[in-house]
Every structure is written in C-alpha cells, then in structure tokens.
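The values are calculated or read from the model by the stated rules, or taken from the named source; none is laboratory data. Just so you know, these numbers come straight off a predicted model, no measurement behind them. Here the Cβ positions follow ideal geometry from the backbone for every residue, glycine too, while neighbour counts run over all protein chains shown.
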C-alpha cells in the first residue's frame, strides 16, 4: 500500500467535502439535465478529472465493485482509488455497481452493465462518464420525474448509439442503469426514469 504522501491529495477536507459533493449529486439526480457545479476539488492522477474523482471518493467504499474503462485503467488511477475508497476492481462491466468512463466514444453498450432485476432493481450500475463538455453538444430534449415539462441537455462526446440504448434502458424500468455525466467541474445526471422526447 502506497504512503499517502506519494499520491495526489484527493479531497482537501474528506469529511466535509464528501458531504458537499453528495448533496450536489443528489440535486443533480433529482433535477435531470441540470448542470450542478461540483463543490469540491479532488486532486487525482490524469486523466481522471476532479469531479469524477470527487464523485468516486464520495460514493465508493470497500463494499463497492468498480469497473474502469481503458482510459482510466492505469496503475496510478487504480492505486489512487484503492487508497482513497477501498473499492474492489471488477474485471467486467456487469460485475460492477459503479463504472468510471474516461473515453465515452469507446464505452461498452449499456446492456453490458448490471441492470438489476424486477425484484432487486437497486442492484444495477451507475455510470460516471467524463465528457469534453456538458454545454457544447447537440441539443437533446428529455422528460421525466424532476423535470418541469422538458429539459434540454447538450452533452458533447457520447457515442452515436447512446440515445438508442438509453431508450431501451428506460423501457426496462424499474430495472436499468443510471448515469452521471461530468465535464470535470459540473455534474449532469440521467437517471433511468428520464427519457428522450
């Protein structure tokens, strides 16, 4: 196990910062499509952005199975996440409760992640997807709980098949994955209850 002094610092104040990040994530999940600033910086190995690292530090623990895509599956990032979260690394997407995606264009199709079951829908995965921007992509209108009418999302960098897969994901409710997108400084969530209009 590495000494803390050899790693990036992580959250400056782990207790207080984790609570602040958790509240921001809850707001994001309850207001799909809304960009919510990440309220704490989290120093982490590149290319793991601050908001992704902060979400991981807040949501993961020793009982969490985590899958990393190829962009994040590096020794410095694995070591950082083990040290600060204790999470167990899953070998395949379907084994994971959380997945960190650093290269969305090459991410696995959504049905390769844990979707839960009708009796145990909470046994599904949450994807934390790092994107180039949450503001500069083409407009996508979404609706669902937490949205007054419709909301317009503009994520940049999702694969071409994403919204077709999301339609299928939403159609399996109460099963299905949830997604948290970030540009490194803000969160924008897409719970399984949200659908493209």
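Things to note:
A quick yes/no check of all residues on (1) touching a strand residue (DSSP E or B) at 6+ places or on another chain (Cβ under 7 Å); (2) touching a residue at least 40 places away in the same chain (Cβ under 8 Å); (3) assigned to a helix (DSSP H, G or I):
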{"site": "32", "(1), (2), (3)": "yes, yes, no"}
{"site": "40", "(1), (2), (3)": "yes, no, no"}
{"site": "51", "(1), (2), (3)": "yes, yes, yes"}
{"site": "63", "(1), (2), (3)": "no, no, no"}
{"site": "80", "(1), (2), (3)": "no, yes, yes"}
{"site": "105", "(1), (2), (3)": "no, yes, yes"}
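- Whichever residue in region 146-177 is touching a residue at least 60 places away in the same chain (Cβ under 8 Å) and closer than 28 Å to residue 43 by Cα and, among such residues, is surrounded by the most Cβ atoms within 10 Å (Cβ to Cβ): 177
- The sole residue among 24, 16 that is modelled with pLDDT of 95 or more, out of contact with any helix residue (DSSP H, G or I) (no Cβ under 8 Å at 6 or more places or on another chain), surrounded by fewer than 17 Cβ atoms within 10 Å (Cβ to Cβ) and over 18 Å from residue 86 (Cα atoms) is 16.
- Filtered by the rule that a residue be under 20 Å from the mean Cα position of the chain (by Cα), outside any strand (DSSP E or B) and surrounded by fewer than 18 Cβ atoms within 10 Å (Cβ to Cβ), region 131-145 gives 132, 135, 136, 137, 145.
- Single residue of 180, 128 found to be more than 15 Å from residue 33 (Cβ to Cβ), touching a residue at least 40 places away in the same chain (Cβ under 8 Å), touching a strand residue (DSSP E or B) at 6+ places or on another chain (Cβ under 7 Å) and assigned to a strand (DSSP E or B): 128
- Filtering region 40-54 to residues that are surrounded by fewer than 16 Cβ atoms within 10 Å (Cβ to Cβ) and in contact with a helix residue (DSSP H, G or I) (Cβ under 8 Å, 6 or more places away or on another chain) leaves only 43.
- Odd one out for residue 117, checked against (1) closer than 16 Å to residue 193 by Cα; (2) under 15 Å from the mean Cα position of the chain (by Cα): (2)
- Subset of region 88-103 [part of a loop (DSSP other than H, G, I, E, B) and buried (at least 22 other Cβ atoms within 10 Å of the Cβ)]: 96, 102
- Positions within region 183-195 being assigned to a loop (DSSP other than H, G, I, E, B) and either in contact with a strand residue (DSSP E or B) (Cβ under 6 Å, 6 or more places away or on another chain) or buried (at least 17 other Cβ atoms within 10 Å of the Cβ) (or both), in sequence order: 183, 184, 191, 192, 193, 194
- Failed criterion for residue 88 (all others in (1) more than 18 Å from residue 122 (Cα to Cα); (2) touching a residue at least 40 places away in the same chain (Cβ under 8 Å); (3) within 17 Å of the chain's Cα centre (by Cα) hold): (2)
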